[in-house]
Amino acid sequence: MADDQATFSQATLALGGKDTAFPVRQGSVGPEVIDIRKLYGQTGAFTYDPGFTSTAACESAITYIDGDAGILLHRGYPIDQLAEKSTFMEVAYLLLNGELPKQEELERFTHTITRHTMVHEQLATFLRGFRRDAHPMAVMCGIVGALSAFYHDSTDITDPQQRMIASHRLIAKMPTIAAMAYKYTVGQPFMYPQNSLSYTGNFLRMTFGVPAEPYEVNPVIERAMRRIFILHADHEQNASTSTVRLAGSSGANPFACIAAGIACLWGPAHGGANEAALNMLREIGRPERIPEYIARAKDKDDPFRLMGFGHRVYKNYDPRAKVMQATAAEVLKEMGVTDPVFDVARELEQIALHDEYFIEKKLYPNVDFYSGVVLSAIGFPTSMFTALFALARTVGWVAQWNEMISDPEQKIGRPRQLYTGHTQRDYVPVGER
Ligand code: SDX
């Protein structure tokens, strides 16, 4: 995948009294990269980049983001076109295989995913070991990790066929597991998948349906949910995807790698921001209180941040947030609800986008700012928001994991450090300290 690309130019580093040249490579689009793989061997120095703000950790052909222009492409297709015109199964196929499927390919892929939606009955027993008030993300971490104990026929990660079976199982079972995590918290029975429904419709029925009566999938809600899944499917080398890649680089079990990604996504700085953003909007409560929170967000001594605002890469409006805002309006209208939180969100956005602090720091709404408004209107509790993010992002995680494993240049990830601790010193017996 790598060195066959022409070396674009060279970057010369003057260090330790000598100049050392490093190849500079250009991808199909985006910033050049300085290939520093030989830096330590040739100079004895490491680079220092905590948080990887300037580091390309891998080569990938799946997702491209231009943060300044607010562009997000999946295999070259703009996110707003996919959200408007595609389906989640089609986007999943695209991310995994690199091209939009032909009709027959899409039908075969959808059939395969549909036939893997059930989970082993023992997993239901396992899930019943949690407390009823367990956070759904704690359940998702545990259950997805536990899948590694159930499937021994698809863990030879060197076999592309077995990798694809594990990938299909994960994509297929995440809605079932997420719905089970929700049902368990509300004390309702688990609903089995119904294969006649769409991927999204099946999830809605497993979540909101009950055995006592038929469940009709609302097509407007189904379309909104499908769009939300597409918006969350993949996002380049974000923290949770990088976690999956790093876990996978040791050859770990694929289900365990995805469980590691779920754990990382849970954090409020990452996927947990959708839950935190809605809680923040509810705490603000009404537009008159917005200035107080804007002031807190700007106060260096106050750890408060405007949740759902800012992004490591987007220094422009997150294209997903635009689609999410439109979806929020559509769902609220369909549900016939007016949610004051939505009014607070739109007012807060307008005030922040015209505030010098946010303009100077290029802080715009991200995908998490409006998603909570939509999900709440559909009927999900805030505790389920990040579980839905994990459900959708599983497609991106498995696509990135497959790409990493099949990269001939792939090796175990093992960063170094800038050591600032004690230099060597001798042990002192406790009586002499
Ligand atoms: C996701 O990486 C991805 O692609 C993630 C994601 C995906 O799809 O996978 O897009 C999903 O995680 C979206 C982000 C959700 N998180 C939040 O909404 C939480 C609130 N946002 C921030 O915590 C923050 O913006 C981050 C974590 C998202 C990004 O942080 P960075 O890139 O490390 O930037 P930073 O913290 O260095 O902030 C730069 C400046 C700082 O001020 P100075 O130190 O320069 O004075 O901007 C300020 C920050 O204090 N700042 C904010 C702010 N976000 C950044 N100030 C107020 N409110 C905010 N939300």
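Here are the numbers for this structure:
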| item | result |
| --- | --- |
| Pairs where the first residue, in region 217-239, is more than 17 Å from residue 371 (Cβ to Cβ) and the second is among the aliphatic types (A, V, I, L, M) and assigned to a loop (DSSP other than H, G, I, E, B), C-beta under 6 Å, 6+ apart | 237/57 |
| Residue selected from region 357-396 under the condition more than 13 Å from the ligand (Cβ to nearest atom) and part of a loop (DSSP other than H, G, I, E, B), by the criterion surrounded by the most Cβ atoms within 10 Å (Cβ to Cβ) | 380 |
| Failed criterion for residue 83 (all others in (1) among the aliphatic types (A, V, I, L, M); (2) within 17 Å of the chain's Cα centre (by Cα); (3) surrounded by fewer than 19 Cβ atoms within 10 Å (Cβ to Cβ) hold) | (3) |
| Members of region 57-87 found to be in contact (Cβ under 8 Å) with a residue 24 or more places away in the chain and hydrophobic (A, V, I, L, M, F, W, C), listed by number | 57, 58, 61, 62, 65, 69, 71, 72, 79, 82, 83 |
| Residue that is farthest from the ligand (Cβ to nearest atom), among those in region 323-356 that are in a loop (DSSP other than H, G, I, E, B) and either touching a helix residue (DSSP H, G or I) at 6+ places or on another chain (Cβ under 9 Å) or modelled with pLDDT under 90 (or both) | 336 |
| So residue 173, is it within 21 Å of the chain's Cα centre (by Cα), assigned to a helix (DSSP H, G or I) and within 17 Å of residue 118 (Cβ to Cβ) | yes |
| Neighbours by Cβ (under 9 Å, 6+ apart or cross-chain): first from region 291-310, without any contact (Cβ under 8 Å) to a residue 12 or more places away in the chain and more than 17 Å from residue 360 (Cα to Cα); second outside any loop (DSSP other than H, G, I, E, B) and near the ligand (Cβ under 6 Å from one of its atoms) | 304/297 |
| Scope region 1-50; condition aromatic (Phe, Trp, Tyr) and modelled with pLDDT of 95 or more; matching residues | 22, 40, 46, 48 |
| Filter pass, residue 277 being more than 9 Å from the ligand (Cβ to nearest atom) and either at pLDDT 95 or above or small (Gly, Ala, Ser) (or both) | no |
| Residue under evaluation residue 195, criteria (1) away from the ligand (no atom under 13 Å from the Cβ); (2) under 29 Å from residue 159 (Cβ atoms); (3) modelled with pLDDT of 95 or more, criterion not met | (3) |
| Members of region 11-28 found to be surrounded by 14 or more Cβ atoms within 10 Å (Cβ to Cβ) and over 14 Å from residue 45 (Cα atoms), listed by number | 11, 23, 24, 25, 26, 27 |
| Filter pass, residue 238 being within 20 Å of residue 271 (Cα to Cα) and crowded, with 18+ Cβ neighbours inside 10 Å | yes |
| Residues of region 302-322 that turn out to be within 9 Å of the ligand (Cβ to nearest atom) and closer than 21 Å to residue 84 by Cβ, as a count | 3 |
| Subset of region 397-433 that is assigned to a helix (DSSP H, G or I) and among the β-branched types (Val, Ile, Thr) - its residue that is surrounded by the most Cβ atoms within 10 Å (Cβ to Cβ) | 398 |
| For residue 299: the one exception among (1) within 14 Å of the ligand (Cβ to nearest atom); (2) buried (at least 21 other Cβ atoms within 10 Å of the Cβ) | (2) |
| Count of region 29-39 residues which are surrounded by 14 or more Cβ atoms within 10 Å (Cβ to Cβ) and among the acidic types (Asp, Glu) | 1 |
| Single residue of 217, 244 found to be away from the ligand (no atom under 12 Å from the Cβ) and among the hydrophobic types (A, V, I, L, M, F, W, C) | 217 |
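Yes/no matrix, rows are residues, columns are (1) closer than 24 Å to residue 205 by Cβ; (2) aliphatic (A, V, I, L, M); (3) surrounded by fewer than 17 Cβ atoms within 10 Å (Cβ to Cβ); (4) touching a His at 6+ places or on another chain (Cβ under 6 Å):
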residue	(1), (2), (3), (4)
123	yes, yes, no, no
129	no, no, yes, no
143	yes, yes, no, no
148	no, no, no, no
155	no, no, no, no
158	no, no, yes, no
180	yes, yes, no, no
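The values are calculated or read from the model by the stated rules, or taken from the named source; none is laboratory data. In this text, all values refer to a predicted model and were calculated from it rather than measured experimentally. Glycine also receives a Cβ, built like all others from the backbone with ideal geometry; neighbour counts cover every protein chain displayed.
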